[in-house]
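Have a look at the structure below before the remarks.
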Amino acid sequence: MNKQRLTFIMSTTRGGADTNPSSSPPPPPPQDDLHHLIAEERRQLMDAQSLDFDLNYAFHLQLQEALAASLASHPSTSSPPPQPSPSLNDIVFSLADEQLSILEQEIIDRELTRREIRNTMEDLQRRIHDQNLATEIARISEEEWNEWGDNYEKSFGEGSSNGDSDIFRVYFKGMVSVEGIGEKKEETVLAGIGVAICDPKDNLIFEIKKPLIGNGMSRTAAEAKALIDGLEAALSLDLKRVDFYCDYFPIYQFVTGRWPPKQHKIAVLVNQVSLLQRKFTYCNPVLMARNEIKYAFKFAREAIVAQIFGQTDSSRGKTPHETCVICLEDIDVSHIFSVNGCLHRYCFSCMRQHVQVKLLHGIMPKCPHQGCESELTVESCKIFLTPKLIETMNLRKQEASIPITEKVYCPYPRCSALMSKSEICYNGAKVAVGVRNCLKCHGLFCIYCRVPWHSNMTCLDYKRMNPNPPAEVVKLKYLATRNLWRQCIKCNHLIELSEGCYHMTCRCGYEFCYNCGAVWINKKATCSCPLWNEAYIVRDEFGEEEEDDF
């Protein structure tokens, strides 16, 4: 046999009988238990349907007998009763059966996906085997080949690579371009990514071409997203050792840790790249010229070209999307919120979560953009807030509008309405000194003692007869002492340290040390307490220590 012919023989011609199971990927976990559970659920559902049918049938027989006996004793010309409509149990059974069918279909789809991935991995391993085989054959001298080449055979799996020793190559490209869209050639910013995964010989084995939809897309973000998609694709192919090649210098500096990303959005993407790198046995960045980025540049450009036609279709009735810079998801523009004043844009879900967290800490929410001071109004936020959050936001707005020294709360437990001293001040009214009327429940209370009105008794007499604080106050102080809560000396607000350092910032703006209560001035402590306790320092999702100022 000719040596050059044998070099190009693929391992698939040798038959699958010689395949070594150790070189193929492990089979997916068995689904017998899940199938058995679904079968058992369906059997119980059928038993319940049968029992319900028997009960309904018996009931209708008894009802017909009673109606027949009644008609026999009292003849009537009225029309027969209408047929019964489907019962609630029938509807429930139908829905349960539909849900079981959907679950079974999802299991089948999952099995098909795993099978496709397994076939792709097996094909990849066969190609690796063929290349190694061709390399070994090329090293054999012509004399040796003429002597025993006709008997040379190396079955797939015998000494072949399983992807752990070979270093595969991931080429990626994120592209942002200004294109003319439509008949008027209106300039629009479009972005797309291209990924090419090649074997050690630079043969293409996997490709990705995907458009990035959204406004304000930067090249750095596009490059980072392309890299993330490329690494995730390599992991799905079970590749353990890869080099990823890029031509964009800032991305190379970010992933190597030489430059810290300043924008929060880019920092999130770089951290995601770092997490993916840890899942490989070997993952190394390589900087190279643009003309050496094989296939990826072409794929990214094709994604943009395909998007141009998509943009043309969107002008004819399709709904455009926009990328939220917080969650980085492509959201329908009808679900994007624009902050009044600064026009920063975020999706409804991220804005709802942002407002909820701020309200939970007793702070009036502002624009989520770092350093932006644009305040959010209740009217503009109603589009994405729940009624409960709207009520809470109105309350926080009212609290923020009243100075700390002017705040008065109704002492009646069922009311506790917030008021200002100026609102409840009696102008020239001939009433007892200190008595006030709640604006909400209209109950009388003493503004000095902050208790329900003590009629026929002065404040001094009341305090003499009630030297101990109310039971509710005692319970609150007990909880504060047991849980090590601290009270702000400026607004009396209770604060709990859950994580972070001892530098506390109250919602009223007062800064103090959580350990001893000493004031902080110009971001500097006036005490000698340590800045933190190791028990309160937590680790973020990227494994780095972080400290929060409250």
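Where a number appears in this text, it was derived from the coordinates with a stated rule and is not lab data. Keep in mind that what you see is a predicted model, and the values were worked out from it rather than measured. Here Cβ is always computed from backbone atoms with ideal geometry, including for glycine, and neighbour counts include all displayed protein chains.
Table for the structure above
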{"item": "Values of log10 I(q)/I(0), in the order q = 0.15, 0.18, 0.19, 0.21 Å⁻¹, for region 321-401 under a Debye, Cα-only, solvent-free model", "result": "-0.49, -0.70, -0.78, -0.95"}
{"item": "Length released on extending from M288 to Q99, taking residue separation times 0.36 nm less the Cα-Cα span", "result": "62.8 nm"}
{"item": "Principal semi-axes in Å for region 227-267 [√(5λ), Cα gyration tensor, largest first]", "result": "23, 12, 8"}
{"item": "Relative contact order %, region 404-467, counting alpha carbon pairs below 8 Å whose residues are six or more apart", "result": "24 percent"}
{"item": "Per-residue Cβ neighbour rank within 10 angstrom, fewest leading, E142, E41", "result": "E142, E41"}
{"item": "Relative contact order for region 194-284, counting Cα pairs under 8 Å that sit 6 or more residues apart, in percent", "result": "30 percent"}
{"item": "28 Å tail of the calculated P(r), region 168-314, as % of Cα pairs", "result": "18 percent"}
{"item": "Fewest-first sequence of E111, E373 by Cβ atoms within 10 Å of each Cβ", "result": "E373, E111"}
{"item": "Region 404-467: radius of gyration and largest Cα-Cα distance (Dmax), Å", "result": "11.6, 32"}
{"item": "Residues F172, F348, F59, sorted so that the one with the fewest Cβ neighbours within 10 Å comes first", "result": "F59, F348, F172"}
{"item": "Stretch gain in nm, segment K524-E41, where the contour uses 0.36 nm per residue and the Cα spacing is subtracted", "result": "167.5 nm"}
{"item": "Residue pairs, from the table K397/K490; K173/K265; K463/K490; K262/K294, whose Cα atoms sit over 21 Å apart", "result": "K463/K490; K262/K294"}
